[in-house]
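The values are calculated or read from the model by the stated rules, or taken from the named source; none is laboratory data. Every value quoted in this text rests on a predicted model; they were computed, and no experiment measured them. Note: ideal-geometry Cβ built from the backbone for every residue, glycine included; neighbour counts use all protein chains shown. Note: areas computed on protein heavy atoms with side chains; ligands, DNA, RNA excluded. Shrake-Rupley method; radii C 1.70, N 1.55, O 1.52, S 1.80 Å.
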Amino acid sequence: MSRIGKNPVSIPAGVTVDIKDGLVTVKGKLGELTQQVDGITVKQEEGQLILDRPSESKDHRAKHGLYRALLNNMVEGVSKGFTKELELVGVGYRASNQGQRLELALGFSHNIVIDLASEVKVETISEKGKNPIIKLSSYDKQLVGQVAAKIRGFRKPEPYKGKGVKFVGEVLRRKAGKSA
């Protein structure tokens with residue numbers, strides 16, 4: 001039995017779950033998410049979602065834990081939401097936003113301008129003497145992670161000085177320079 005798959009997903013107050021023909025819809029105060037579930041049966045009992053697999057085949061065992069994790073992320077997202085913070089390390093690296101438009105100065109000849117999806121809320125924090133921080137928040141965990149990875153991909157942190165776009169709290173493997 002899958003250790004993750006056999007744990008029930010608890011549904012907090014204010015969140016409604018609708019299950020029809022393998023399509024699970026989760027609504028909460030922050031938004032609404034849907035997920036198609038194939039090969040696994042989903043039941044709602046006493047404020048919990050319970051996932052069962054029909055057989056012990058490799059495919060069913062793999063999907064059991066996957067769909068439980070996806071449904072848990074959906075329930076947590078519409079009730080609390082998810083936040084990712086990115087830090088810009090480097091001289092002259094700046095970030096600013098107007099609404100859903102994010103403008104990044106990352107040492108290239110032109111600034112990078114990104115129009116973000118309406119589900120993602122963006123906030124930029126620039127304090128004197130500190131590195132600029134980009135705060136992304138949404139109810140969709142996958143979308144927040146994808147947007148954060150795309151922004152990080154514009155200028156990944158390099159191993160010598162650590163300059164680039166990194167997640168707040170990310171530990172970088174540093175290398176010694178030529179002299180060492």
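Is the range 73-89 home to any residue that is more than 27 Å from Phe167 (Cβ to Cβ), assigned to a strand (DSSP E or B), open to solvent by less than 40 Å² (accessible area, probe 1.4 Å) and touching a strand residue (DSSP E or B) at 6+ places or on another chain (Cβ under 6 Å)? No, the range 73-89 contains no residue that is more than 27 Å from Phe167 (Cβ to Cβ), assigned to a strand (DSSP E or B), open to solvent by less than 40 Å² (accessible area, probe 1.4 Å) and touching a strand residue (DSSP E or B) at 6+ places or on another chain (Cβ under 6 Å). Of all residues in the range 102-140, those that are in a strand (DSSP E or B), surrounded by 12 or more Cβ atoms within 10 Å (Cβ to Cβ) and either among the acidic types (Asp, Glu) or more than 19 Å from the chain's Cα centre (by Cα) (or both) total 6. Number of residues in the range 143-180 that are part of a helix (DSSP H, G or I), under 22 Å from Gly81 (Cβ atoms) and touching a residue at least 12 places away in the same chain (Cβ under 8 Å): the value is 8. The listed residues are Gly39, Gly5, Gly14, and the only one of them that is part of a loop (DSSP other than H, G, I, E, B) and closer than 23 Å to Ser137 by Cα turns out to be Gly14. Inspect the range 41-52 for any residue being open to solvent by 50 Å² or more (accessible area, probe 1.4 Å), modelled with pLDDT of 95 or more and among the β-branched types (Val, Ile, Thr) and give the result as yes or no. The answer is no; no qualifying residue exists.
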